[in-house]
Ligand code: A4P
Ligand code: MG
């Protein structure tokens with residue numbers, strides 16, 4: 001009997017792949033925490049930062065009775081497989097104090113890191129769906145993403161056209177920290 005080949009999400013790419021990640025949080029000093037998350041994620045070797053959006057203050061989505069979030073998006077060039085990138089993102093969430101066991105779905109959290117897209121890969125596996133299944137519904141993702149990738153098409157949809165279709169009311173772009 002031969003072993004099944006590994007899922008594409010477990011294969012390291014032959015050459016670095018461009019991936020987009022969305023970061024958000026609303027517990028603690030979220031701008032500082034998310035800034036630290038970017039530093040921890042991007043080691044300049046396996047994960048190179050190529051673009052970072054501004055920080056945005058965004059009204060809570062999903063569960064409304066919680067403080068506003070800070071959201072931002074980054075673009076990276078990575079030699080990690082999608083699974084390895086997800087593992088790294090989850091390790092960074094943990095290092096920054098995320099406590100999944102006591103969180104409510106869509107409720108308050110210190111740092112949430114979602115992989116929005118990994119090259120042109122499309123997958124739907126337990127624990128990893130790409131592109132991120134909710135990204136096109138969320139202005140808090142599309143506004144920062146459009147700042148760094150407005151001309152990109154993800155899963156056949158233009159990021160800037162998708163942004164025009166969602167409600168961005170209440171979202172504020174923040175001036176850079178000194
Ligand atoms: N998972 C599957 N695909 C992915 C992917 N592409 N990237 C799995 C990251 N994770 C992915 O995520 C649950 C599971 O999704 C993980 O085990 C992972 O294997 P989680 O981060 O543990 O749980 P969650 O964050 O509570 O669930 P979910 O559905 O990811 O929540 P969201 O979508 O992140 O929503 N409002 C504003 N304004 N800004 C926000 O950032 N965030 C949330 C959380 C709610 N409201 C918000 C914001
Ligand atoms: Mg998440």
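The values are calculated or read from the model by the stated rules, or taken from the named source; none is laboratory data. As the structure is a computational prediction, the values presented were derived from the model and not from experiment. Every residue, glycine among them, receives a Cβ derived from its backbone with ideal geometry; neighbour counts consider all protein chains shown.
Residues that are under 17 Å from residue 16 (Cα atoms) and more than 12 Å from ligand 2 (Cβ to nearest atom): which strands (runs of 3 or more DSSP E) entirely in segment 63-141 hold 2 or more of them? First the steps, then the outcome.
Working: elements: 69-78, 112-118, 123-125, 128-130.
Per the criteria, 69-78, 112-118.
Touching a residue at least 40 places away in the same chain (Cβ under 8 Å), within 16 Å of ligand 2 (Cβ to nearest atom) and more than 23 Å from residue 133 (Cβ to Cβ): is that true of residue 19 in this structure?
Values: touching a residue at least 40 places away in the same chain (Cβ under 8 Å): yes; within 16 Å of ligand 2 (Cβ to nearest atom): yes; more than 23 Å from residue 133 (Cβ to Cβ): no.
So residue 19 does not fit the description; no.
Any residue at all in segment 143-160 that is under 17 Å from the mean Cα position of the chain (by Cα), on the phi > 0 side of the Ramachandran plot and assigned to a loop (DSSP other than H, G, I, E, B)?
Among the residues of segment 143-160, at least one is under 17 Å from the mean Cα position of the chain (by Cα), on the phi > 0 side of the Ramachandran plot and assigned to a loop (DSSP other than H, G, I, E, B), which makes the answer yes.
Among the numbered criteria (1) more than 14 Å from the chain's Cα centre (by Cα); (2) within 14 Å of ligand 2 (Cβ to nearest atom); (3) farther than 16 Å from residue 41 by Cα, which single criterion is violated by residue 168?
For residue 168, the failing item is (2).
Give just the number: which of (1) assigned to a loop (DSSP other than H, G, I, E, B); (2) in contact (Cβ under 8 Å) with a residue 12 or more places away in the chain; (3) under 25 Å from residue 105 (Cβ atoms) does residue 13 not satisfy?
(3)
Does residue 141 meet the test of being buried (at least 18 other Cβ atoms within 10 Å of the Cβ) and free of Cβ contacts under 8 Å to residues at least 24 places away in the same chain? Talk me through it step by step, then tell me what you get.
On the way: buried (at least 18 other Cβ atoms within 10 Å of the Cβ): yes; free of Cβ contacts under 8 Å to residues at least 24 places away in the same chain: no.
So residue 141 does not fit the description; no.
Out of (1) more than 10 Å from ligand 1 (Cβ to nearest atom); (2) at pLDDT 95 or above; (3) over 18 Å from residue 52 (Cβ atoms); (4) under 15 Å from the mean Cα position of the chain (by Cα), what's the single condition that is false for residue 110?
(2)
Kindly evaluate residue 171 against the criterion of being over 25 Å from residue 31 (Cβ atoms) and touching a helix residue (DSSP H, G or I) at 6+ places or on another chain (Cβ under 8 Å).
On the way: over 25 Å from residue 31 (Cβ atoms): no; touching a helix residue (DSSP H, G or I) at 6+ places or on another chain (Cβ under 8 Å): yes.
Considered against the rule, which asks whether it is over 25 Å from residue 31 (Cβ atoms) and touching a helix residue (DSSP H, G or I) at 6+ places or on another chain (Cβ under 8 Å), residue 171 comes out as no.
Looking for something away from ligand 1 (no atom under 12 Å from the Cβ) and at pLDDT below 95 - is there at least one such residue anywhere in segment 67-90? Before you say what the answer is, go through the steps one by one.
Quick first cut of segment 67-90, residues away from ligand 1 (no atom under 12 Å from the Cβ) only: 74-81, 84.
Filter once more, keeping what is at pLDDT below 95: none.
No, the conditions are met nowhere in segment 67-90.
Tell me the residue from 56, 118 that is within 20 Å of residue 174 (Cα to Cα) and within 11 Å of ligand 1 (Cβ to nearest atom), please.
Numbers: 118 fails: within 20 Å of residue 174 (Cα to Cα).
None of the other options fit; the residue is 56.
Listed residues 125, 103; which is within 11 Å of ligand 1 (Cβ to nearest atom), surrounded by fewer than 14 Cβ atoms within 10 Å (Cβ to Cβ), farther than 18 Å from residue 59 by Cα and over 15 Å from the mean Cα position of the chain (by Cα)?
Details: 103 fails: surrounded by fewer than 14 Cβ atoms within 10 Å (Cβ to Cβ).
After ruling out the rest, the residue left standing is 125.
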